[in-house]
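To start, the structure itself, in C-alpha cells.
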Number of protein chains: 2
Amino acid sequence: MDHAMRVMGTVAVASALLLAPVPARAAAPGTRAAIEEANARFSELLAKGDAAGLAALYAAEAQAFPPNSDIVAGAPAIQKLWQGVIDAGIKAAKLTTVDVTAAGELASESGRYEMSGADGTVVDRGKYVVVWKRVGGRWKILRDIWNTSLPAPAK
Amino acid sequence: MDHAMRVMGTVAVASALLLAPVPARAAAPGTRAAIEEANARFSELLAKGDAAGLAALYAAEAQAFPPNSDIVAGAPAIQKLWQGVIDAGIKAAKLTTVDVTAAGELASESGRYEMSGADGTVVDRGKYVVVWKRVGGRWKILRDIWNTSLPAPAK
C-alpha cells in the first residue's frame, strides 16, 4: 500500500468518526471531578452568603426552577433568587452527585441535597438535576431544578 | 498541489474537526420536533391510563424525581410511579416545551406542565426539565424532574 492509499484510508476512518453521533454516556472522570468541584464552590459561596459568586457559576442563558415559582431566567434573576435564599437564613448546602452523563459540551448531573440553617438544622432534603454546559473550557450551570424529598405537608 | 497533498489537507481538516468539542446549542428543528412528538405521545398515554406505555418512553437507566419522594430509578419503578398518578385520578398532562439544548445524543428540554383531573380541573401547574438520550435513533427520557409553580401551602 503506497502512501497516498494509507492517507486515504485515514481519511475514510476520520470521515466515519465525523459522521458517528456523539453518544451520551457516563461522564469522563475529569468531567465528573470538574462538576463536583463546581458544586463544592457552590457550597462555599452559599456559606459566605455570596449571591453574586453563586450567579457566576451559571451560564448567561441559564434557567433555574425553584419550587412554588415560575422559571427564573438569566444570571441576574438567579442572583436575586439566591440572595432570597440567603436572606431566608440558609447557610449550608450539602450536594451529593449521584450520576453524571455527558455528550460533547453538555452534561446532565443528578444528585441529592441538604439545606441547613445557621444552627445546623436541616431545613430541606431533596434531589436535583443540573444540566451543565462547557463554556470556554469551564462547566457552567445551564439548568438547575430541584424538589424536596420530604413528605408533603398534611392538607 | 498534487493529489496526496490535497488528501493530507483533508486529513488535517478532518482531524481538527475530530478534536473539536461538540458544542451544546439550541437543538436542530428535527430534534425539537421529535421531543415534542414524544411529549404528545406522553399526554395520549396518560389520558388512556397506560402506565406501561409511559414507562416505555424512558431509557432503561432512567431516573424520575417526583416531589415528596426519593429518586425513582429504572423503567419498572417509573411505571409504578405513573400508575400511582393515574390511580390518583390524573387524566391530562399539557406539556409546553420552552427550550431544547442538545449536544450529540444528549438533549436538555425545559418546559411547563399542567395536570388535570377527570373533570378538567387543573390540579397542578409547574415546570420541568427532561434530559433526553437518543437510543437506537429514538429520543428516550433519561432524567425527568418537575416541581409546582403554585404557591406553597400556608404553614
*Rounded to whole Hz and in sequence order, give me ³J(HN,Hα) for the range B:120-131 from the Karplus expression 6.51 cos²θ - 1.76 cosθ + 1.60, θ = phi - 60°, writing x for Gly and Pro.*
x, 5, 6, 9, 7, 9, x, 9, 8, 10, 10, 9
*Cα-Cα over 29 Å: which of A:91/B:80; A:94/B:48; A:48/B:133; A:80/B:140; A:91/B:133; B:94/B:140?*
A:91/B:80; A:94/B:48; A:48/B:133; A:80/B:140; A:91/B:133
*Normalised contact order of chain B, rounded percent, pairs of Cα under 8 Å and 6 or more residues apart*: 21
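Stretched out fully, how many nm does the piece from residue B:83 to residue B:48 gain, at 0.36 nm a residue minus the Cα gap?
Full-extension gain reported as 11.5 nm.
Please report, to one decimal in angstroms, the Kirkwood hydrodynamic radius of the protein assembly as shown built from all distinct Cα-Cα pairs.
Answer for the protein assembly as shown: a Kirkwood hydrodynamic radius of 21.0 Å.
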*Taking the Cα centre of chain B as the origin, how large is its charge dipole in debye, to the nearest 20, when only Lys and Arg (+1) and Asp and Glu (-1) carry charge on their Cβ atoms?*
140
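For the range A:61-148, give the magnitude of the charge dipole about the Cα centre (Cβ charges: +1 Lys/Arg, -1 Asp/Glu; no others), in debye to the nearest 20.
Details: 11 positive and 10 negative charges, 41 e Å.
Dipole of the range A:61-148, to the nearest 20 debye: 200 debye.
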*Say each of residue B:56 and residue B:118 gets a label point 7 Å from the Cα, pointing the same way as Cα to Cβ; how far apart are those two points in nm?*
2.6
*Return one number: the angle in degrees, 0 to 90 and rounded to the nearest 10, between the long axis of the Cα atoms of helix A:3-19 and the longest principal axis of the Cα atoms of chain A.*
30
_As a test of the formula, what do you get for chain B when each DSSP H run with n ≥ 4 contributes -39,500 (n - 2.57) and the sum is divided by the residue count, at 222 nm and rounded to the nearest 500 deg cm²/dmol?_
-11500 deg cm²/dmol
*Does chain A come out rounded, prolate or oblate by the C-alpha gyration tensor, with a ≥ b ≥ c the root eigenvalues, rounded set by a/c under 1.5 and, if not, prolate when a/b is larger than b/c and oblate if not?*
prolate
*Treating the beta-carbon of each Lys and Arg as +1 and of each Asp and Glu as -1, no other charges, what is the dipole magnitude of the protein assembly as shown about its Cα centre, to the nearest 20 debye?*
80
*Can you list residues whose amide H is under 5 Å from residue A:105's amide H, if they're 5+ apart or on another chain and H is modeled 1.01 Å from N?*
B:22, B:24
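None of the figures in this text is laboratory data; all of them are computed from the coordinates on show. Here the structure is a predicted model, which means the values were calculated and not measured. FYI the Cβ positions are ideal-geometry reconstructions off the backbone, even for glycines, and counts take in every protein chain you see.
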